[in-house]
Structures are given as structure tokens and as C-alpha cells.
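Here's the structure, in C-alpha cells; my notes come after.
The values are calculated or read from the model by the stated rules, or taken from the named source; none is laboratory data. On a predicted model such as this, the values are computed, not experimentally measured, just so you know. Virtual Cβ from ideal backbone geometry, glycine too; neighbours counted across all protein chains shown. These area figures cover heavy atoms from the full protein model, side chains too; ligands, DNA and RNA do not enter into them. Shrake-Rupley method; radii C 1.70, N 1.55, O 1.52, S 1.80 Å.
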Amino acid sequence: MPSTSIDHAFTAASLTSAASDPTFAGALSFMRRRFTKSLEGADAVVWGIPFDAATSNRPGTRFGPQAIRRASAIFDNDPQYPFNRDLFAEMAVIDYGDCLLDYGNHQDTPAAIERQATAILDSGAFMLTLGGDHFITWPLLKAHAAKHGPLALVQFDAHQDTWFDDGRRVDHGSFVARAVRDGLIDPDRSIQIGIRTHAPDDFGIHILYGHQVEDMSPADIASTIVSHTKGAPAYLTFDIDCLDPAYAPGTGTPVAGGPSSAKILSTLQRLHQLDIRGADVVEVSPAYDHADITAIAGATVAMYMLGLHAERRAAGR
């Protein structure tokens, strides 16, 4: 069937309608969702935070939201694998565009992100954020914890991000330490998956190191995550460098020895029992990518996050 409309991101008549744009054309919102700053009627909101001033190695994640949106166009509007459902048939999802930031005043960045995230969460919608470097998760956690209380952090990452922080630094390697100290997350119910580096302190957070993930099945990894979080409200953060550089070369601090995208996606698919209150995908840096490998992985992870939310909604949870 030929396309019956074009630029669905602007021309959609309904928030739950499917798009018919060809994958190679049309306005590139996330999965062709309507671009709008109106939160009315939205069940889930996707937005970008194009920020990379906290990066310790290679910059470029400010272009991550653009790359993930572009890659998401490959998803057609058949039922989305592996959820076997049209994610947008009953779940109204919008693309809210990007967070407004002052590139010349980074000390104002955390408050700006928190303020804009809070406005989205106050609408009652589920929020999925496209980064940006991992520092952005700090103000996002502040906004979510203000609404839901301390959260179980489920962190897919090659790095613990628990380095010392004086409370003023803008650094993507210390947001977890700050979140623990400020009571935003419950370390006893938090878990990190795919860690392949060392940091001075783990703050009691359970770690599945890269070599352990290699020896475990996706079902076992998912079971460990679900059992450790113990039903607590959870925040799911996915640093794309959790994946081996073979599957995600386009990132600022790649670490060899990580899992495949297939293994981690299979793990994510099994997390439908998690009470996920918010989620993000961070550290996609397209300048170091090849053939959109990393952007496709990031877009797929983001789609799975929406799929998990759609499943929970369908189950009435």
C-alpha cells in the first residue's frame, strides 16, 4: 500500500494513530510520534536532553537525541517485536522535543532539566528521556523521586558512576553517588548490570559485572533484577556503553568485554514485572558511530522501554 500521508510527526490526527511515512522520508520525531508541547491526553512523553558538557572522554552526546530519533524511523507500524502489539493503538505517546538549555552556563543545567522534567511528570504521563551524557540522570532522578519517593535504580552500564562528587561538579561519573547521598535511590534495592570498571565505592548497590553477565542467560539476569528490586518503584537508566563496542561503538567511554545487543534486549523484554516509573537512554555519540549501529541500538532500547510500559498499562498495573 502506498503511503496515505506524510510528516506524521506534524499531521497526525490522533495521538494513538499509526504512521504511514516511508522509513526514508518524513519528519523525524521518535517513532513518528506527534511533535507537540501540549501534554494534554499524553500517556507517555519522549523528549531529548542534548547535553554533553559533563563528559570525561569523547564528547558528542549532545547529538544523541537527533541520532536516536533518526534511527527510530526504521520501526514500521506493524505490531512491534517482541511485544506483538501496536504500541500506539491504546497508548498516546508524544515527542515533546528537547529540553531548553543555556550552552554557556552549565551550572544552571541541573535545575533547568529538573524544572522541565517536573512539568512533564506533573501531567501524569510516563517520561522517557533520550540523552545526552549520563549526568542528566541526576536531575531526572530528583524530579522522579519528588513524585514517587526513593527509587530502585536499575542501571545498565559499563561504569558504576559512583566517583566522589562535591555537590557542585557537572560530571557524568558521579550521579549515582550523589543520588545515594541525597536519598533519591534505595541502594539496597538498586542494581547495576554490565559493569566493567572499578570505582572507589559501590554504596551497597548490587552489581552484575560484565563477566557475570557473560555467564548468565537473559532470563537469569532479568530474574536477578526483578528479585533484587523487590517490587519497589524503579527508574531504568540505560547507558549505551553497557553494550560491547562491537554493538555500540558510538559512545564517549567504550569498554571492551560487554554483552551483545541481542542478549541485553532479551533481558529487557523480561522486565515486565518491574514497576518502572521513568526511564532514559544515554551516551549515544553519533560522531563515533558507524552505519548507525549505536543509534539503532539506542532507539531499540527506547522502543523496548515504551513496550514495557504498554504491557503494564494493558495489564492494568
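Filter region 267-290 down to the residues that are in a strand (DSSP E or B) and among the β-branched types (V, I, T) and list them by number. It would help to see each step written out before you state the result.
Narrowing region 267-290 to residues in a strand (DSSP E or B): 275-282.
Hits for region 267-290 are I276, V281, V282.
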*If the Cβ limit is 9 Å and pairs must be 6+ apart or interchain, which residue in region 123-141 that is within 16 Å of M303 (Cα to Cα) and in contact (Cβ under 8 Å) with a residue 12 or more places away in the chain pairs with which residue that is among the acidic types (D, E) and assigned to a loop (DSSP other than H, G, I, E, B)?*
F126/D43; G131/D52; G131/E283
_Flag for R277 being touching a Pro at 6+ places or on another chain (Cβ under 6 Å) and farther than 19 Å from F63 by Cβ_ = yes
*If you take the residues in region 291-317 that are modelled with pLDDT of 95 or more and outside any helix (DSSP H, G or I), which one is surrounded by the fewest Cβ atoms within 10 Å (Cβ to Cβ)?*
A291
*asked:* Among (1) touching a Gly at 6+ places or on another chain (Cβ under 9 Å); (2) over 21 Å from C242 (Cβ atoms); (3) among the hydroxyl-bearing types (S, T, Y), there is one condition S123 misses while meeting the rest; what is its number?
replied: (1)
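Condition check: on the phi > 0 side of the Ramachandran plot and open to solvent by less than 70 Å² (accessible area, probe 1.4 Å). Does G60 satisfy that?
Working: on the phi > 0 side of the Ramachandran plot: yes; open to solvent by less than 70 Å² (accessible area, probe 1.4 Å): yes.
It is true that G60 is on the phi > 0 side of the Ramachandran plot and open to solvent by less than 70 Å² (accessible area, probe 1.4 Å).
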*Inspect all residues belonging to region 223-239 and state whether any of them is among the charged types (D, E, K, R), within 26 Å of G183 (Cα to Cα) and in a strand (DSSP E or B).*
yes
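Condition check ((1) part of a loop (DSSP other than H, G, I, E, B); (2) open to solvent by 40 Å² or more (accessible area, probe 1.4 Å); (3) hydrophobic (A, V, I, L, M, F, W, C)) across all residues:
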position	(1), (2), (3)
I6	yes, yes, yes
F10	no, yes, yes
A13	yes, yes, yes
A19	yes, no, yes
T23	yes, yes, no
L28	yes, yes, yes
G48	no, no, no
D52	yes, no, no
_List the residue pairs whose Cβ atoms are under 8 Å apart, where the first residue sits in region 248-267 and is more than 22 Å from S223 (Cα to Cα) and open to solvent by less than 30 Å² (accessible area, probe 1.4 Å), the second is of a type in the set (F, W, Y) and at pLDDT 95 or above, and the two are 6 or more positions apart or on different chains._
G250/Y288; T251/Y288; G252/Y288
*Is there any pair with a first residue in region 186-204 that is under 19 Å from S223 (Cα atoms) and a second that is surrounded by fewer than 18 Cβ atoms within 10 Å (Cβ to Cβ) and of a type in the set (D, E, K, R) whose Cβ atoms are under 6 Å apart and which are 6 or more apart or on different chains, and what are they?*
R189/K230
*What's the number of the condition A73 fails, among (1) among the aliphatic types (A, V, I, L, M); (2) touching a Phe, Trp or Tyr at 6+ places or on another chain (Cβ under 9 Å); (3) modelled with pLDDT of 95 or more; (4) under 15 Å from A299 (Cβ atoms)?*
(3)
_Filter result (modelled with pLDDT under 90, open to solvent by less than 20 Å² (accessible area, probe 1.4 Å) and closer than 19 Å to T61 by Cβ) within region 156-212_ = D161, H172, G173, S174
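Report, by residue number, each residue of region 77-117 that is among the acidic types (D, E) and more than 26 Å from I136 (Cα to Cα).
We begin by selecting, within region 77-117, every residue among the acidic types (D, E); these are 78, 86, 90, 95, 98, 102, 108, 114.
Answer for region 77-117, where residues must be among the acidic types (D, E) and more than 26 Å from I136 (Cα to Cα): D78, D86, E90.
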*Scan region 68-120 residue by residue and report those that are crowded, with 17+ Cβ neighbours inside 10 Å and assigned to a loop (DSSP other than H, G, I, E, B).*
A73, F75, N77, F83, L87, F88, M91, A92, C99, L101
